[in-house]
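Everything below concerns the one structure shown next.
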Amino acid sequence: MSGLPATGRALLLDPSTRDDPSRYGRLLAEAPVLRTGGLWLVSGYQQVSRLAGDPRLVIDPRAGDPPLPLTQSEQLELIFGRMLSFRDGAPHRRLRQLVSGAFSARRTGGLEETVRALVADLISQATAGGPEFDLVPAVAERLPVLTTCRLLDLPADSWAQVDRWARTLTGQLFRFGQSAEELAEVHRQVDQMLRFIEELAVARRNRTGDLVAELFGAASGTDARLSPEEFVSFVVLLFINGLETATAAISICVAQLLDRPELAAGLRRDPDHALEVVDECLRLHSPVWLAARRAVAPIEVEGQVIEANDPVFLLWAVANRDPAVFTHPDRFRPGRPGRHLAFGRGPHHCLGAAMARIQAAEVLRHLAAYEGLRAGSGPARRRHTPALHTYDSLPVRVTPAGEPLPIRAEARHHAANR
């Protein structure tokens, strides 16, 4: 294990080292469970999967000693603290059961046509000024929020404002050191959002088949399963759900499409394989690189004991290259057996994973249909944070005609049959 603690700390603290899969291989082969510097790095697929479902590991940073805040804003601390994302045990199970219907196969499957139309519209807007555009602000950042707006059936004139609120809120998590003026602007936006949610609940409370109405109903009456405060946190969670991870997933998949011309050609011939391509892109380049947990009781794993209050990092990205599960793990093989962990595992498995896969697949199908798809002239800018692997910029260039092949072919077919 010579040098392994340093290798593990580098992967944790210096995201630039994560482009070297040989480091992953060393951890997996020599120390799938590694203690270094008072914390634990877990990288083996089986060990990560097991611990992700262990109730003795909690996600709420406030459960530690000392407890850690979620944000600098006391108002947002209350909203975030009631969210499903930061609850454990019985409270988490209760909330997860209530919201699982929002992301059921029936609801997300029914969104495929909506997502397809949104993707076509966003790319049409992006190419209106020319054949080159930046995928991240034009498509990857907008599509998740617009899909949620459709899921909640929000008025079209509110979409831009919901998008701004979602970005403000996600930018506040674990952000500290802001000025009083900056926080005042955050609170102004939060107050606007809370009024919007209140008015939305009143307008929807008698609608059937409506997600907001279902959640509001769960927070009403003598048998209420949600407190009024939890209802608000639920709607806020839906506004921001998957915003960063879905944006990262879309960007990662398109980057692979640009790097692999044969991949685009294959999808052009058979777009039905898009979901398999998405899964393999995300296995190799997980948008969420790790998950932070804290032990609340001793846990024995691989002959070692994780003590209570020890920080534990589950390395999804490294586990996704475990050769014990994925043969030749560094090779790109869509459709391979084995379930990747790019969206986590266990009770905190990403709530919007199915929706993010659908969104990424539709973007790939649409872009692959362009005969002249290639990287744009500007540089792609990647962003590594301790937990996230994403892109800030990803220039894309399509055919000067501005239309993907199937659209042109369909137009010719209609013209010939008039």
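The values are calculated or read from the model by the stated rules, or taken from the named source; none is laboratory data. As the structure is a computational prediction, the values presented were derived from the model and not from experiment. Every residue, glycine among them, receives a Cβ derived from its backbone with ideal geometry; neighbour counts consider all protein chains shown. SASA here: full protein model, heavy atoms, side chains in, ligands and nucleic acids out. Shrake-Rupley method; radii C 1.70, N 1.55, O 1.52, S 1.80 Å.
Out of (1) under 17 Å from G335 (Cα atoms); (2) touching a Pro at 6+ places or on another chain (Cβ under 9 Å), the odd one out for L257 is which?
Of everything listed in (1) under 17 Å from G335 (Cα atoms); (2) touching a Pro at 6+ places or on another chain (Cβ under 9 Å), L257 misses just condition (2).
Taking V312 and the conditions (1) part of a strand (DSSP E or B); (2) open to solvent by 20 Å² or more (accessible area, probe 1.4 Å), which numbered condition does it fall short on, given that it satisfies the others?
(2)
Can you pull out the residues in region 264-279 that are hydrophobic (A, V, I, L, M, F, W, C) and either under 23 Å from the mean Cα position of the chain (by Cα) or closer than 12 Å to L367 by Cβ (or both)?
A264, L267, A274, L275, V277, V278
Residues that are modelled with pLDDT of 90 or more and open to solvent by less than 80 Å² (accessible area, probe 1.4 Å): find the helices (runs of 4 or more DSSP H) completely inside region 178-276 holding 3 or more of those.
180-204, 243-259, 261-269
Residues that are open to solvent by 30 Å² or more (accessible area, probe 1.4 Å) and either among the acidic types (D, E) or closer than 23 Å to D19 by Cβ (or both): find the strands (runs of 3 or more DSSP E) completely inside region 322-403 holding 3 or more of those.
The qualifying strands (runs of 3 or more DSSP E) are 381-384.
Every residue, every condition in (1) open to solvent by 30 Å² or more (accessible area, probe 1.4 Å); (2) more than 24 Å from A248 (Cβ to Cβ), yes or no:
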| site | (1), (2) |
| --- | --- |
| R26 | yes, yes |
| P67 | yes, yes |
| S73 | no, yes |
| L76 | no, no |
| L98 | yes, yes |
| G110 | yes, yes |
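Look through region 117-166, keep the residues that are of a type in the set (K, R) and surrounded by fewer than 17 Cβ atoms within 10 Å (Cβ to Cβ), and return whichever of them is modelled with the highest pLDDT.
Ranking the candidates gives R164 first.
Which ones in region 167-177 are closer than 19 Å to Q192 by Cβ and either part of a helix (DSSP H, G or I) or open to solvent by 60 Å² or more (accessible area, probe 1.4 Å) (or both)?
Correct list: R167, T168, L169, T170.
I'm checking my understanding of the structure. Among residues of region 45-59 that are outside any helix (DSSP H, G or I) and in contact (Cβ under 8 Å) with a residue 40 or more places away in the chain, which one is most open to solvent (accessible area, probe 1.4 Å)?
R56
Which members of region 311-330 meet the condition of being touching a helix residue (DSSP H, G or I) at 6+ places or on another chain (Cβ under 9 Å) and farther than 16 Å from H348 by Cβ?
A317, V318, N320, R321, D322, P323, A324, V325, F326, P329, D330
Out of A295, A274, report the one residue that is touching a residue at least 40 places away in the same chain (Cβ under 8 Å), within 28 Å of E112 (Cβ to Cβ) and hydrophobic (A, V, I, L, M, F, W, C).
Matching residue, one of A295, A274: A274.
Only one of (1) surrounded by 17 or more Cβ atoms within 10 Å (Cβ to Cβ); (2) in a loop (DSSP other than H, G, I, E, B) fails for L34. Which number is that?
Just one mismatch for L34, condition (2).
Quick one: V42 ticks every box in (1) at pLDDT 90 or above; (2) open to solvent by 40 Å² or more (accessible area, probe 1.4 Å); (3) of a type outside the set (S, T, N, Q); (4) farther than 23 Å from G352 by Cα bar one, so which box is it?
(2)
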